[in-house]
Amino acid sequence: MNEIVQSYVSGKQFMGTVLVAQGDKILLDKGYGYANLEWQIPDAPEAKFRLGSITKQFTCAAVLVGILALSGVRIDGTSPAGAARETRGEQATETP
């Protein structure tokens, strides 16, 4: 397995950490390339990475899904079955 991953590393197609396990037995746990290119810090299974702003979009989506679930609105925009629908002119409101 190491040779297969190393071929991608040599071709500059992969840099990262690989963990392969079967049941409780770890078959491969190794870092390849650099965890930080600028400072040439080698990658390793113990390497810590700054996540920065990449997680904000996932947090936002999770909060939105939670708000929608609490309000009874499904993600597809529909209301639960049996919800009454009142219409007044251009406004439409739904009550549970």
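Throughout, read-outs are computed from the coordinates displayed, never taken from laboratory work. The structure presented is a predicted model; accordingly, all values stated were derived computationally and were not measured. Cβ atoms come from the backbone with ideal geometry, glycine included; neighbour counts cover every protein chain shown.
Here are the numbers:
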{"item": "Top-ranked residue of the stretch 1-27 - restricted to ones that are surrounded by 13 or more Cβ atoms within 10 Å (Cβ to Cβ) and assigned to a strand (DSSP E or B), ranked as farthest from the chain's Cα centre (by Cα)", "result": "V20"}
{"item": "Pair list, Cβ under 7 Å, 6 or more apart: the stretch 36-56 residue closer than 25 Å to I26 by Cβ, other residue surrounded by 10 or more Cβ atoms within 10 Å (Cβ to Cβ) and charged (D, E, K, R)", "result": "P45/D29; P45/K30"}
